[in-house]
Amino acid sequence: MRKIKLLVILLTISSMSAFAQSKLGLKFSPSVSSNRISLIDSLYDVEPDGSVFKFSMGLIYDHELTETYYFSTGLIFVPKQVAFTVSPEDDQPTANYTKKSPYESYRLNYLQIPVSLKLFTNEVQPDTRVFFQVGMAPEIKVFSEPTEEDYDLIEEFKGFDATILFGGGVEYRAGINTTLFASVTYQRGLNNVIKTETWGFQEELYIRNTLVSFDLGIKF
């Protein structure tokens, strides 16, 4: 009886492996990085300063759960930038503002491990399906530096961040083992990236990242 049960288990695992499709691929993503800033201070005003173009890339892994649901993860190198301006409030002439320039910016590089679910439609054209993606992405900081030596308001950034991500795109099966895809993804940072700042604001300065990317990739 035990041998029969073992045989059934092995056959079940083999069947799941045969029918489940797992794909490993590469993704290249031109992206726009920007910031969301929050500060309650009666002396100073801190505002985000525009957006900057970045380029991320990495490995992705899609595992079939059902015909239309896939678990998706990977390892992505994601560069970002924190940029802002600091200015004294108009009604506070006593603010001790000594910086030569109100602008500061910093480069941040992360390794991202997305954990998401992809939902596929039926074929809208031969070998072509539309998909939607939702999930989260823990991030590990691997590098940070100011873009200029005299930018010193932020002394240290936190080592971890996390984002929620939403996206959608199109997949095209170009061959038996080759799939091409294109998508647009919106990533919204959840954590304050600042660990230590040197300005000494009345309240904690919150800076969160936002990333919008156009993703191109291939899976095998």
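Going through region 186-198 one residue at a time, which ones are among the polar types (S, T, N, Q), part of a strand (DSSP E or B) and modelled with pLDDT under 95?
Thr196
Would you say Gly168 is in a strand (DSSP E or B), open to solvent by less than 80 Å² (accessible area, probe 1.4 Å) and in contact with a Lys or Arg (Cβ under 7 Å, 6 or more places away or on another chain)?
It is false that Gly168 is in a strand (DSSP E or B), open to solvent by less than 80 Å² (accessible area, probe 1.4 Å) and in contact with a Lys or Arg (Cβ under 7 Å, 6 or more places away or on another chain).
Free of Cβ contacts under 8 Å to residues at least 24 places away in the same chain and open to solvent by 50 Å² or more (accessible area, probe 1.4 Å): does that describe Pro102?
yes
Within region 141-165, track down each residue that is hydrophobic (A, V, I, L, M, F, W, C) and either within 29 Å of Gln21 (Cα to Cα) or crowded, with 16+ Cβ neighbours inside 10 Å (or both).
Leu153, Ile154, Phe157, Ala162, Ile164, Leu165
Does any residue in region 189-203 that is farther than 12 Å from Asn35 by Cα and aromatic (Phe, Trp, Tyr) come within less than 9 Å, Cβ to Cβ, of a residue that is open to solvent by less than 60 Å² (accessible area, probe 1.4 Å) and in a loop (DSSP other than H, G, I, E, B) six or more places away or on a different chain, and which pairs are these?
Partner pairs satisfying both residue conditions: Trp199/Leu153; Trp199/Leu205; Phe201/Leu39; Phe201/Asp41; Phe201/Leu43.
Looking at Ser183 and the list (1) of a type outside the set (Lys, Arg); (2) under 17 Å from Lys80 (Cβ atoms); (3) modelled with pLDDT of 95 or more, which single condition is not satisfied?
In the conditions (1) of a type outside the set (Lys, Arg); (2) under 17 Å from Lys80 (Cβ atoms); (3) modelled with pLDDT of 95 or more, Ser183 misses (2) alone.
The values are calculated or read from the model by the stated rules, or taken from the named source; none is laboratory data. Just so it is clear, the model here is predicted, and its values are computed rather than measured. No Cβ is skipped: glycine too gets one built from the backbone with ideal geometry, and neighbour counts run over all protein chains shown. Keep in mind that these areas ignore ligands, DNA and RNA; they rest on the heavy atoms of the full protein, side chains included. Shrake-Rupley method; radii C 1.70, N 1.55, O 1.52, S 1.80 Å.
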